[in-house]
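Report on one structure; see the data block that follows.
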Number of protein chains: 2
Amino acid sequence: MKNFTYCNPVKIYFGEGQIEALKDAVPKKAKILMTYGGGSIKANGVYDQVMSALQGYDVQEFSGIEPNPSYETLMRAVVIVREQKIDFLLAVGGGSVIDGTKFIAAAAPYKGEPWDIVTSSASISKALPIGCVLTIPAAGSEMNCGAVISKKETHDKLSFMHPLVYPQFSILDPKTTYSLPPKQTANGIVDAFVHVTEQYLTYPVNSPLQDRMAEGILLTLIEEAPKVFQQPDDYDARANIMWAATLALNDLIQMGVPTDWATHLLGHELTAAFGIDHGESLAIILPSLLHLEREPKREKLVQYARRVWGINASDEKECIDLAITKTRAFFESLGIKTRLSDFGVDELQIPRLIESLKRHGMTSLGERGSINLERSAMIFRDALFGA
Amino acid sequence: MKNFTYCNPVKIYFGEGQIEALKDAVPKKAKILMTYGGGSIKANGVYDQVMSALQGYDVQEFSGIEPNPSYETLMRAVVIVREQKIDFLLAVGGGSVIDGTKFIAAAAPYKGEPWDIVTSSASISKALPIGCVLTIPAAGSEMNCGAVISKKETHDKLSFMHPLVYPQFSILDPKTTYSLPPKQTANGIVDAFVHVTEQYLTYPVNSPLQDRMAEGILLTLIEEAPKVFQQPDDYDARANIMWAATLALNDLIQMGVPTDWATHLLGHELTAAFGIDHGESLAIILPSLLHLEREPKREKLVQYARRVWGINASDEKECIDLAITKTRAFFESLGIKTRLSDFGVDELQIPRLIESLKRHGMTSLGERGSINLERSAMIFRDALFGA
């Protein structure tokens, strides 16, 4: 096991009816900016629950934070925070709203050009306090200090992390996810699944407990996913997926082990270039990445095949092939397409993706830094038609 | 899954050489009382590492915190804290030292009779900050806010919990455990194992992820334990046991599920009455408790048999019998005796244990409160000679 330092201060309120806890969790005199997305929270009753819990508070609103939250949109909120002297941000939504709110929290008190926060998070010295009401299990942003922000102008999609943007609390009520469109449910499950594989499918460092926690999350997602498509108001299945998605990226399972964020980083390029959904981008990249990186990941891939997919083949190559096939089939069972060609992308567009990776300094990805631009191009090419 | 609230603010520094982090973790101007036990930290070099990291700090010492830390001993430290205006406590040791230090932290600023903290923790409104250097993986106290304190005068062994006594940080260097006597290593493994069974072997509430995390900890302990007896300086095995013991009782795996602390509570009576080691007391109680509570715990016991012990018998009774036998055999493989009669206790002494349980108000234990005094007596009687 590798050395590590771990501290996660986020308070989680989990379960039915927990939105009421807002009145305990938010400081009484807070001047709140409530941030949200396209308004689905008004249709599903979450908005009303939040407003009811916050009766007596000074609450202003900022709506319209889009999937892949953009610098351009978020800077409009930064202006409001500064002008209105907002001192508490309440994000109500999924990973995009929470990530965007983390950027607002860091950008509002920032003296320089806030995009610098994304390219160099070290420059942050303060941030507004954040609370979250999560409505989409996916990103894990509700219990970590990372955020992914896009810049429309330059087609960039980049991440930053800083302890100052940990939410103070996050409320997870599985009932808020009943009304998610199936596509969003599916994208969220893929996102959480890939967060786990990125911390698990690397090389062995003798970390049996981290491995079993990772496998536990993957098995939970695999077993619970079909239930919510069959019955969207299956409380326990929604709850299990929600908690699994949070634990998939709250740092715990990556303590002491190597990590490989290449699937996310290559996926971000697909989203930035072609507007492919985040979850879809991961479902496209992961099978090809595992296929092409099978040698450096061999021992963990065999373990994944055996423990997660119950594959008993004695031949390791067969184990790995089957595990990749089953991974792709799982994503497709959720209604997610897994080939880049399904989105109208062809080989001629790959140089553009490679150029963008180069511009972002992403020239040595993977747990050993061995995924250079050439290997990234191979992964993109393989992902066009998959196996 | 049940509703829950979760927040664990403890910062963990894990791995070889992390004792050096003390100089970052302890406030520069702190007036420190370093608390420890019988002096093994002087023999194994931990004392020197701590003192070296704390060069330039004002450090006083309080040694002699015994296993099952006593009110009587700890109150001597409380006097020192008050007289010397100590403002930071550094616990260096295992669960007893850390538990005792939590009591000191709460008792020093307490206006009334400090034993009241143990019988009614609600009365605490402040506590000194605590840091820990863990040297025995066992209790989990390094990452939770609970403590178990004994009172010699009355033969009481009772626990209290309060968020104010979470350590600010805990340093876990697996190398500090190389020199543990085999008996202490074994007791610690049993303690961690039973912490998990108490959060796992109850009744099902559809919580597959919590179950798999619990099973992951149990399997890690079962697989890694023999390695450290064979080779006490096996770094990875020591590290895996250390991290497993911390995660066994840092609250995470009990979120959303029922818990049954009866094994610990009955075990405490054995320690208070007969001086039986804490780990031993658990190894004595657990097999008999599982045997007698097999019906209310049936579904989880069968799952435990299959997933943790790989028992494939189709008959549920046979599964459960085998799982209990294997549990006992695991404890005995560590050199731990598992029958109360092994410690010279006979049936005539059971009424005294029951009287003490009654005095402590422990008349309805277990996940459903169904272990009354009569059932506790049955468990003690069964534990005399086991199965």
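No lab work stands behind these numbers, since they all come straight from the coordinates. Being a predicted model, the structure only gives us computed values, none of them experimental. Because the Cβ atoms are built from the backbone with ideal geometry, glycine has one as well, and the counts that use them run over all protein chains shown.
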Semi-axis lengths (Å, descending) of the ellipsoid that matches the C-alpha gyration tensor of the range B:11-176: 24, 17, 15
Chain A: angle of helix A:373-385 to the longest principal axis, Cα-based, in degrees nearest 10: 90 degrees
Ranking of B:134, A:89, B:353 by count of other Cβ atoms within 10 Å, fewest first: B:353, A:89, B:134
Shielding by partners, peptide A:8-18 (average Cβ within 10 angstrom, other chains): 5
For the protein assembly as shown, alpha-carbon Rg and Dmax in angstrom: 26.9, 86
Net charge, residue A:41 excluded, C-beta distance under 14 Å - Lys, Arg +1, Asp, Glu -1: -1
Mean separation of Cα contacts under 8 Å, 6 or more apart, over the residue count of chain A: relative contact order %: 15 percent
Across the identical copies, how the residue A:56 labels are spaced - nm, sorted shortest first, 7 Å along Cα→Cβ: 4.8
For residue A:361, inter-copy label distances in nm, listed shortest first [label point 7 Å out on the Cα-Cβ vector]: 5.8
Burial ordering of A:126, A:102, fewest other beta-carbon atoms within 10 Å first: A:126, A:102
Sequence of A:169, A:229 once ranked by neighbouring C-beta atoms within 10 Å, starting from the fewest: A:229, A:169
Distances in nm from residue B:154 to the matching label points in the other copies, shortest first (labels 7 Å along Cα to Cβ): 6.8
Shielding score for B:200-213, defined as the mean number of other chain Cβ atoms within 10 Å: 5
Greater than 23 Å apart at Cα, pairs in B:152/B:175; A:102/B:126; A:23/A:102; A:11/A:175; A:227/A:317: B:152/B:175; A:102/B:126; A:227/A:317
Estimated dipole of the protein assembly as shown in Debye, rounded to 20 [Cβ of Lys and Arg +1, of Asp and Glu -1, Cα centre]: 1280 debye
Positive-end residue of B:301, B:353, B:279, charge dipole of the range B:253-377 with Cβ unit charges: B:301
For the range B:180-385, convex hull of alpha carbons as volume per residue, Å³: 113 Å³
Residue-averaged [θ]222 nm for the protein assembly as shown, counting only DSSP H segments that reach four residues, each worth -39500 (n - 2.57): -15000 deg cm²/dmol
